[in-house]
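Where a number appears in this text, it was derived from the coordinates with a stated rule and is not lab data. Please read all numbers here as calculations on a predicted model, not as lab measurements. Cβ: placed from backbone, ideal geometry, glycine included. Neighbour counts: every protein chain shown.
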Amino acid sequence: TSANGKYADRFAGQLVLVTGAGNGIGRATAFAFAEAGARVVAVDRDAEAAARTAELSRLVGAPAAWAEAVDVSDAQAMERLAARVAAEYGVVDVLVNNAGIGLSGSFFDTTPEDWKQVLDVNLWGVIHGCRLFGRQMTERGQGGHIVNTASAAAFQPSRALPAYGTSKAAVLMLSECLRAELAGQGIGVTAICPGLVNTGITSTAHFAGVDAEEEKRRRQRAARLYGRRNYPPEKVADAVLEAVVHNRAVVPVTPEARGAHLMS
Ligand code: NAI
């Protein structure tokens with residue numbers, strides 16, 4: 001339980017859509033909104049994972065929850081999703097563009113295909129979400145909130161994360177520009193910037209394609225850089241709800257992310 005009663009019923013009557021809700025931070029965020037009384041749309045390209053999150057969201061308190069199997073980097077699929085959600089569930093009050101993939105490797109180890117893949121998901125996925133659901137919010141005229149999951153990597157250069165860091169720096173800037181644009185319409189925009197969080201992204205996808213020796217080396221470097229990788233996704237979810245309630249702009253989460261943000 002992450003919303004810890006602090007925000008009990010705070011989101012009652014609201015519709016919250018979370019992308020990448022099948023695992024990790026997105027799943028914890030969906031549960032936290034569910035505990036706070038929201039109706040939840042759990043979007044993930046992994047249909048089974050999305051369905052599990054929706055089912056558990058109902059169990060922990062969401063009056064309703066739905067699963068949508070969509071790849072956020074697919075512009076047409078996202079357009080269909082936005083139309084379907086508006087027609088069937090209503091206008092989204094809180095959009096959490098959380099879906100993202102990890103990619104590590106030096107600049108010269110990063111192929112054009114790697115760049116395309118990470119930018120398609122981490123940046124274009126956020127752009128599609130903001131355009132489509134942000135438009136619905138502005139047309140309704142009753143405010144709302146958009147949370148984009150960036151990363152401490154957005155303001156902390158690392159030679160191990162050129163493509164990932166670039167994608168997240170872009171998400172951070174996009175969020176700040178959109179925040180300025182939507183401020184007059186009662187729509188808040190937040191960039192959440194976690195450091196290393198204990199999810200699948202740092203144990204599997206993040207190290208995809210590297211051998212065991214290299215993985216060990218990278219883990220040691222990450223541990224030196226970021227400290228112990230035991231920060232629970234539930235605490236990031238708490239920070240997301242807090243950011244929406246208090247309309248925060250840029251939120252570094254985890255101690256090392258806060259440190260890196262102060263230095264940036
Ligand atoms: P995760 O790998 O545990 O979960 C990500 C979820 O997103 C998975 O269910 C996956 O199926 C889904 N997903 C991936 N690509 C997708 C796509 N194209 N369309 C729809 N769904 C997609 O990862 P985690 O750690 O929960 O990451 C969530 C977000 O947090 C990402 O944007 C990540 O970059 C960011 N982040 C994570 C940190 C960490 O240390 N875990 C640190 C900073 C930021």
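Points worth noting:
- Exposure proxy shown here: for I127, I187, I192, the number of other Cβ atoms within 10 Å sets the order, fewest to most, as I127, I187, I192.
- Rel. contact order, % - alpha carbon contacts under 8 angstrom, at least six apart, the chain: 19
- Residue by residue, the stretch 34-44 carries 3J(HN,Hα) couplings of 4, 5, 8, x, 7, 7, 10, 10, 9, 9, 7 Hz when phi is fed to the Karplus relation 6.51 cos²θ - 1.76 cosθ + 1.60 (θ = phi - 60°); x denotes Gly or Pro.
- Rg/Rg_globular for the chain, with Rg_globular taken as 2.2 N^0.38 Å and Rg from C-alpha atoms: 0.95
- Lysine pair count for the chain [Cα-Cα under 28 Å; pairs on different chains or 8 or more apart]: 6
- Inter-label distance, H246 to A8: 2.2 nm, where each label sits 7 Å from its Cα along the C-beta direction.
- For the peptides 25-37, 107-119, 250-262, the ranking by mean Cβ contacts within 10 Å, running from highest to lowest, is 25-37, 250-262, 107-119.
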